[in-house]
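Report on the structure given below.
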Amino acid sequence: MPAGAQVLAKALQRHGVTEIFGQSIPSKLFLAGAELGIRQLAYRTENAGAAMADAYARTSGRVSVVAAQNGPAATLLVAGLGEALKASIPVVAIVQDVPTTARERNAFQELDHITMFSAVSRWVKRVDEVNRLEDYVDMAFTAAASGHPGPAVLLVPVDVLDQTVTTRSERTACLGRYPLDRSVADPQAVAKAAECLAQAKRPIIIAGGGIHGSRAYEPLARLQAMGFPVATTVMGKGAVDETQPLSLGVVGYFMGPRSRSEGMRSLVTEADVVFLVGNRTNQNGTDSWQLYPRDAQVIHLDIDGQEIGRNYEALRLVGDAKLTLTALADAMASALPDGVHAFATTAKEKIQAGRAHWQSQMAQWVDMQATPVRPERLMAELDAQLDSNSRVVADASYSSIWVANFLTARHVGARFLTPRGLAGLGWGLPFAIGTKAADPDAVVHCVTGDGGFGHCWAELETAMRLKLPVIVTVLNNQLLGYQKHSEQVLHGAYTDACDFLPVDHAAIANACGAYGVRITDSEQYGEALASAILRPSVTVLDVITDASAYPPVTAYSGSSELEETFW
């Protein structure tokens, strides 16, 4: 009969697991997995593993697995699992624990992991009986992938990995894809929502990351084709084709001057019916809860009933986005006499005018030839070279805004991965590695600031060693931009933590065996990017960017402190 490590590896294989992110421990699991063809993706910095697993799950549609040892390695999973929890991403973390006989004896690196992980996971359990190991693995995958997806943590004492099972499991289910169970909202609620949308004078749909989690692209496109304007949150970017005449792009906390959607703000603020889909109504997505009109009728579709009504009372549609939007689109087909909502023409005109307004502002206010390089120029060059095989990931802070506002989702289901659950710095490169591992044929671009890149540049060696060529564009302005500019707006001064000494990130890349190039002129980036796309190696484009540049954060509007430096 097999030992616990073999049973665990076999259970993971049954759930479709082909890669595990982790360092050297639990060694027995990695060795057993290798015998079954499960690849260990070993990272350098222990806090990067959960971020890689997160991006892997977002990209693949499968539950990802990260493993760690008890103690410090386990504690460094916390931030990554917290991001996955808030972003509804299914990750199973397997943590080797101290032997059962050593528990509560101050064993080496012993901690109360159940308490520690309870705040950042949907489910955390310890299995002490080797014959129950497969039962617990299945419970972990079910918890991660069903309902509101999120992390599940399974603690496995090291002696359980050594023990021999005495009863053979008869489990055969594969639970490794999400959503695991799809359910449709109450038909009566769907009919009421259809009636409400059909009778609306100025409706709008605002799609969040739940569209991607459910892969609900087709029914959302059907509703848009019926005349409903669609905006997205940052996590929802790519839910619709942003070149369509009824696509607003991203709405939220960056709708100030130079925002693609600034001229379309009235489509949100003057809406009489707001339909939220897979949308957490969080602070950034709602511009501090000031964007959505309080007198509008809100319809809210979410798999998690607790999210509905959290910030806005709503007509409740509790269910899977794909199934429920399909039912709603079917109902709308008969609710709209002409097949197209009467607001469509007006909405298209406003969106067209809003796009023209944005282009005019960009031409008037941004010098695309400037030195140091403007981030808007980099985004324009990157946008021109994206295709259906491109995946873009961004670090937190300004990087996420540059990507969300200045890049274009040109097809339904385009993926722009941003850490918007907790929005911690240092996710960019690990996200890129996880994305490339999940989709090896894709061209993966990472946009990060020098502040975020400094958290994780050791993972360049990881990408090289694992043969996962990604393209990293570092916006090198020698500062924590969001921090500095926010402090200037709020306090009229900034703290000492905001400014950095010069760092040559291209040299760091070259030292790792990757290809690094420093860019100081705006004309250099497009050609360097095109070469990087063709190069079968990790590439770092270290671009010296304008330290005074800032994205169109709404809260900055009218700030004399920033406008003086911008101009």
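The values are calculated or read from the model by the stated rules, or taken from the named source; none is laboratory data. None of these values were measured; they are calculated from a predicted model. Note: ideal-geometry Cβ built from the backbone for every residue, glycine included; neighbour counts use all protein chains shown. Ligands, DNA and RNA are stripped out before the accessible areas are found, and what is left, the full protein with its side chains, is counted by its heavy atoms. Shrake-Rupley method; radii C 1.70, N 1.55, O 1.52, S 1.80 Å.
Here are the numbers for this structure:
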{"read-out": "Spacing of the two label points (7 Å from each Cα toward its C-beta) at N510 and A370, in nm", "value": "2.9"}
{"read-out": "Gain upon complete extension [Q199, D304; 0.36 nm per residue less C-alpha separation]", "value": "35.1 nm"}
{"read-out": "Accessible solvent surface per residue of the range 488-562, calculated while the other protein chains remain in place, 1.4 angstrom probe, Å²", "value": "47"}
{"read-out": "Of all DSSP beta bridges in the range 368-556, antiparallel share, percent nearest 5", "value": "5"}
{"read-out": "Cα gyration tensor shape for the range 4-162, rounded if a/c is under 1.5, else prolate or oblate", "value": "rounded"}
{"read-out": "Considering only the chain, percent of DSSP beta bridges that pair antiparallel, nearest 5", "value": "5"}
{"read-out": "Distance (nanometres) between label positions extended 7 Å along Cα→Cβ at N389 and K467", "value": "1.8"}
{"read-out": "Surface share of carbon and sulfur [accessible, 1.4 angstrom probe, percent] for the range 368-556", "value": "55"}
{"read-out": "Positive minus negative residues near A356 (Lys, Arg vs Asp, Glu; Cβ under 13 Å)", "value": "+2"}
{"read-out": "Packing-based order for 252-261, 69-78, using average beta carbon neighbours within 10 Å, highest first", "value": "252-261, 69-78"}
{"read-out": "Summed side-chain charge close to V274 - residues other than V274 whose Cβ falls under 13 Å, Lys, Arg +1, Asp, Glu -1", "value": "-1"}
{"read-out": "Gain in span if fully extended, S531 to L76, counting 0.36 nm per residue against the direct Cα distance", "value": "160.2 nm"}
{"read-out": "Unit charges on C-beta of K, R, D, E only; dipole of the chain, Debye", "value": "1160"}
{"read-out": "Extension gain (nm, one decimal) between L111 and A493, 0.36 nm per residue minus Cα-Cα", "value": "133.4 nm"}
{"read-out": "At most 16 other Cβ within 10 Å, DSSP loop - trypsin sites (Lys or Arg not before Pro), the range 450-500", "value": "K467"}
{"read-out": "Label-zone membership for the range 334-359, site S266, 7 angstrom Cα→C-beta point, backbone N under 14 Å", "value": "346-355, 357"}
{"read-out": "Proximal lysines to K467, defined as alpha-carbon separation beneath 28 angstrom and excluding residues fewer than eight positions away on the same chain", "value": "K10, K28, K436"}
{"read-out": "Pairwise centroid distance, computed over Cα atoms, of the range 207-222 with the range 243-302, Å", "value": "16"}
{"read-out": "Modelled FRET efficiency - R0 25 Å, V503 with R410, Cβ distances, 0.05 increments", "value": "0.15"}
{"read-out": "A102 versus D135: modelled label distance in nm, points set 7 Å from Cα along the beta carbon direction", "value": "2.7"}
{"read-out": "Set of lysines with alpha-carbon distance to K348 below 29 Å, sequence-local pairs under 8 removed", "value": "K192, K201, K237, K322"}
{"read-out": "Gyration tensor verdict on the chain (Cα atoms; rounded if a/c is under 1.5, prolate if a/b is larger than b/c, oblate otherwise)", "value": "oblate"}
{"read-out": "Along the chain, longest interval not containing exposed GluC sites (Glu not before Pro), exposed being DSSP loop plus at most 12 other Cβ atoms within 10 Å", "value": "314-567"}
